[in-house]
Amino acid sequence: MKTEHNKAAEQSTKHIILIGFMGAGKTTVSRKIARWQHLCCIDIDRYIENQHAMRISKMFIKYGEKYFRDQETAFLRTLANRDRSVISTGGGIVLSDLNRQLLKESGTIVYLQVTANDVAARIKNKRSRPLLTNEDQTRDLLDKRRALYEQIADITINTSDVKAALVAQTIITTLQDRGEL
Ligand code: S3P
């Protein structure tokens with residue numbers, strides 16, 4: 001017999017969208033959720049890189065940040081026509097009002113919180129992140145963006161000292177409690 005809980009989960013077509021600063025673990029965690037829940041997984045950064053056959057760091061140099069941000073918006077506009085997926089976003093996707101609106105319309109927003117110290121410890125290869133050059137700058141950027149992440153988050157998960165697998169499992173349990181899985 002189907003419970004109300006199961007029915008709600010079956011009917012839910014909302015994407016599961018992970019937001020948060022660079023190094024929050026969005027890519028790793030989204031892959032785990034997708035694998036365990038048999039959902040598609042889309043990493044927006046990788047999607048844009050594949051479409052352009054170019055690394056993001058190169059895109060920033062060649063076309064500028066605005067061009068990259070426009071690609072993020074263009075991708076978000078396609079979400080309504082995609083199968084239910086776990087979506088990993090780039091850390092700066094929340095900067096534009098339009099992106100925040102599109103994200104809100106597209107699914108359940110899961111915000112992975114990190115501290116500047118976590119970011120410094122987790123991101124070894126800073127060259128692949130054009131906006132991350134030193135720790136002071138990381139702190140500034142994080143301070144500027146925190147309110148934007150919080151503004152659209154449906155679920156907030158603290159990831160400090162928590163392994164990616166446990167973060168993923170906590171998200172799954174929370175979504176199940178909400179009747180969305
Ligand atoms: C960015 C974060 C990166 C990538 C780009 C810009 C940002 O993604 O989208 O380098 O502005 O925070 P990750 O958050 O996956 O590192």
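No lab work stands behind these numbers, since they all come straight from the coordinates. Since the structure is predicted, the reported quantities are computational estimates derived from the model, not experimental observations. Quick reminder, even Gly has a Cβ in these numbers, built from the backbone with ideal geometry, and neighbours come from all protein chains shown.
Kirkwood hydrodynamic radius of the chain from all distinct Cα pairs, in Å?
It is 16.8 Å.
With an 8 Å Cα cut-off and a minimum separation of 6 or more residues, compute the relative contact order for region 26-172 in percent. Provide the component values of the computation, followed by the final result.
Working: 142 pairs, mean separation 45.5, N = 147.
So the answer I get is 31 percent.
Using a 10 Å cut-off around each Cβ, can you sort His15, His52 from fewest to most neighbouring Cβ atoms? Write down the numbers at each step before the final one.
Working: His15 22, His52 16.
By the 10 Å Cβ count, ascending, the order reads His52, His15.
How many nm is it between the label spots at Arg46 and Arg77, if each spot is 7 Å from the Cα in line with the beta carbon?
Those two pseudo-labels are separated by 2.5 nm.
Taking the mean number of other Cβ atoms within 10 Å as a proxy for protection, how do you rank 23-29, 135-141 from highest to lowest? Present the calculation step by step, with values, prior to reporting the outcome.
Details: 23-29: 22.6, 135-141: 14.7.
Packing proxy ranking, top to bottom: 23-29, 135-141.
Using helices alone, I'd like the mean residue ellipticity at 222 nm for the chain: each DSSP H run of four-plus residues gives -39500 (n - 2.57), total over residue count, nearest 500.
Details: 9 runs with 99 residues, N = 181.
Only helices count here, giving -16500 deg cm²/dmol.
In the chain, how many lysine pairs have Cα atoms under 19 Å apart, counting only pairs 8 or more places apart or on different chains?
For the chain, qualifying lysine pairs total 14.
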